[in-house]
Amino acid sequence: MGDGNATTNNRSVSNSNNNEKPEWLQQYNLIGKIGEGTYGLVFLAKTKSPANRGKSIAIKKFKQSKDGDGVSPTAIREIMLLREISHENVVKLVNVHINHADMSLYLAFDYAEHDLYEIIRHHRDKGSHCINQYTVKSLLWQLLNGLNYLHSNWIIHRDLKPSNILVMGEGDEHGVVKIADFGLARIYQAPLKPLSDNGVVVTIWYRAPELLLGAKHYTSAVDMWAVGCIFAELLTLKPLFQGAEAKSTPNPFQLDQLDKIFKVLGHPTLEKWPTLANLPHWQSDLQHIQGHKYENTGLHNVVHLSPKSAPYDLLSKMLEYDPRKRITAAQALEHEYFRIEPLPGRNALVPSQPGEKVINYPTRPVDTNTDFEGTTSLQPPQPVSSGNAVSGGMPGGHGVANRSASRPMQIGMPRMQPQVMATYNMAQAGMGGAMNPAGIPMPRGVAAQPHQQQHLRRKDPPGMGSGYPPQQKSRRQ
Amino acid sequence: MAANFWTSSHYKQLLDPEEVDVVQPLDKDKGMTLEDFKLIKMNMANYIWKLAQNVKVRQRVVATAVTYMRRVYTRKSMSEYDPRLVAPTCLYLAAKAEESTVQARLLVFYIKKLYSDEKYRYEIKDILEMEMKILEALNYYLVVFHPYRSLSQLLQDAGINDTSMIQLSWGLVNDTYKMDLILIHPPHLIALACIYIASVYREKDITAWFEELRVDMNVVKNISMEILDFYESHRLITDERINIAFSKLALKP
């Protein structure tokens, strides 16, 4: 995008030796590395230009793919989508740069200091206090608002999880939610291939039951399931369905994850979910699936909500087994939960009551010893600036992964594939990133829904296709 | 956004014909005329199509690749961006964008198979480098809308189901990529123009249906005229004429 300043400086770069930054990078002060994943590294930087001096930017650097096949298709897909979309609750791509010398690609985003993974962890580890109701509701409302925008533009995110939901730190947009990491997102209007043909998606804990049962064609409802799981996690500070991942084959049958779901929600039935009969694993693995009989534990007990309360009602509609009956983002935004006190607001992180203590969420750790080449200096590590210097930590979200090296282990999920693990160990010089815990090939499918995009029906106002996005709803404060 | 044409980057980037028909100064200095420029682009659209048939990607990928190629030449000269490298690279990039990735080595293999002329010889490394230059030249806008989707919907809406009409209008849409129409007009209008031509040609009266659409029929007719003019003027294009155009490109400025 560059809008003029994206000119790359082939000459200056190739003539320079390695210690010299490409010219365009000189418009930023590099603070350090804040994350990494299979795709590359994520850095925190500040702009130097007088207009935006000191503004924090997260820069995601894509490595040239190892197989000698150019820019990774993931990067292409992410750029392609981010170049088209614009919404307050979706992360903003501010620039793209190419360094021809080493064939690397950089995406620059507005930096978000927090993400739901860290916010939840902070409450769980430190305070052991619940996240206050106002904050939970505001985070959820904004997440749904961003998702409604994506879905009304026929984009499924496919990898929603707490670390991909960013929250802005102090500044104009303090406490505003940003959905990030579109590497797996896709437009589902005109698929060339079933999604299931190209690998994966969605961290297993947040994966919808239809995917776990082998659905080939899927819809935006998979994102709503993930939102339900995230909602529950915001309430209880614990992942709702913490299954252990099976990784033997490219598309393993995730029985344990299904089991965790059935334990809480009971087994799905053909009465409530008629198309269940068509799902591959329901047919082939029926005995396994029905192996355990569970007393329906009751979702309300797990999340400590009264079955008659508004939040419980909304949550249970997000966790509806049948994807066709599952609540949509647009419907969820209209739910009673958002109409009762406390009303959701734009800054999810302000205290809900006057006089209530403001929670100081930790800033993102920054490895200040790594340069843009990903080279770690040999000097003894300096104390990581714990705060103000970097008051805009980079969300683990921008990347697939990010985040502290200990993360996957800590939650007890041995889920990395061997070769990924190798890269990870090698690269974790600084702070490492949680590899995309979902990085396991998974079936995807496609919504086969017909829809019209440029279709001109007679009734449409002139010049408008029927695909015009619905008015964004005004935000309640 | 991505699935809504009216808010897409494609819509915002539509150009006037005068903006598309500009021979870059570097090319002009070599004596390249507007006609040469158009012929080379047409020839490269054919090249992309031929390659695509070999690597087996769908028409939609071809259409996206041709659109990328045409967009590149609204900003870059053929002297600096050799069409014989840009064309296969656009196919390579479009295949990734449309989620049917094709390996660069496969493209290189078929390029060699299709053309013995060494001016077409490019290696994997060249394609990968050009991929990045094309991304820049496109200003990272990669979502492209095509007339195909509208075409099926419109044909259905008009109640047209005879195969000859459907095939003719599809063929016409394919041929529009030999021109720059996709850079200038919204895709559904291109689809309508193709249906219009097909209906006239097959003597099928669907005037009533057209009248019910809230579309400026003048625009549709103008696009139709452009397509017919194109067929008229390109009946006699020989390889020799194309070679002349390319030979100008080879001149030292």
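The values are calculated or read from the model by the stated rules, or taken from the named source; none is laboratory data. This structure is a prediction, so every number in the text was calculated from the model and none was measured. Note: ideal-geometry Cβ built from the backbone for every residue, glycine included; neighbour counts use all protein chains shown. Note: areas computed on protein heavy atoms with side chains; ligands, DNA, RNA excluded. Shrake-Rupley method; radii C 1.70, N 1.55, O 1.52, S 1.80 Å.
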Odd one out for residue A:76, checked against (1) assigned to a helix (DSSP H, G or I); (2) open to solvent by 20 Å² or more (accessible area, probe 1.4 Å); (3) without any contact (Cβ under 8 Å) to a residue 12 or more places away in the chain = (2)
Selection over segment A:326-381 where residues are modelled with pLDDT of 80 or more and in contact with a Phe, Trp or Tyr (Cβ under 6 Å, 6 or more places away or on another chain) yields a count of 3
Any residue at all in segment B:1-8 that is modelled with pLDDT of 95 or more and surrounded by 16 or more Cβ atoms within 10 Å (Cβ to Cβ)?
-> no
From B:144, B:173, residue being within 14 Å of chain A (Cβ to nearest Cβ), part of a loop (DSSP other than H, G, I, E, B) and either open to solvent by less than 20 Å² (accessible area, probe 1.4 Å) or at pLDDT below 95 (or both) | B:144
Only one residue in B:75, B:84, B:71 is on the phi < 0 side of the Ramachandran plot, more than 12 Å from every other protein chain (Cβ to nearest Cβ), buried (at least 23 other Cβ atoms within 10 Å of the Cβ) and basic (Lys, Arg). Which one?
-> B:71
Going by the structure shown, is residue A:96 closer than 24 Å to residue A:44 by Cα and either more than 9 Å from chain B (Cβ to nearest Cβ) or under 15 Å from the mean Cα position of the chain (by Cα) (or both)?
-> no
Within segment A:147-168, the residues that are open to solvent by 10 Å² or more (accessible area, probe 1.4 Å) and in contact (Cβ under 8 Å) with a residue 60 or more places away in the chain are A:148, A:149, A:151, A:152, A:154
Condition check for residue A:101: open to solvent by 10 Å² or more (accessible area, probe 1.4 Å) and among the aliphatic types (A, V, I, L, M) | yes
Looking only at segment A:341-361, which residues are of a type outside the set (S, T, N, Q) and out of contact with any helix residue (DSSP H, G or I) (no Cβ under 6 Å at 6 or more places or on another chain)?
-> A:341, A:343, A:346, A:349, A:350, A:351, A:354, A:355, A:356, A:357, A:358, A:359
Qualifying strands (runs of 3 or more DSSP E) (wholly inside segment A:83-183; at least 1 residues being among the aliphatic types (A, V, I, L, M) and in contact with a Gly (Cβ under 8 Å, 6 or more places away or on another chain)) | A:93-99, A:165-167, A:177-179
Looking at this structure, is residue B:28 touching a residue at least 60 places away in the same chain (Cβ under 8 Å), out of contact with any Gly (no Cβ under 7 Å at 6 or more places or on another chain) and either open to solvent by 40 Å² or more (accessible area, probe 1.4 Å) or assigned to a loop (DSSP other than H, G, I, E, B) (or both)?
-> no
Please determine, by comparing only the residues of segment B:91-111 that are more than 10 Å from chain A (Cβ to nearest Cβ) and of a type in the set (Phe, Trp, Tyr), which one is surrounded by the most Cβ atoms within 10 Å (Cβ to Cβ).
-> B:110
Mind listing whichever residues of segment A:233-278 are in contact (Cβ under 8 Å) with a residue 12 or more places away in the chain, over 18 Å from residue A:204 (Cα atoms) and either part of a loop (DSSP other than H, G, I, E, B) or open to solvent by 10 Å² or more (accessible area, probe 1.4 Å) (or both)?
-> A:235, A:236, A:266, A:267, A:268, A:272, A:273, A:274, A:275
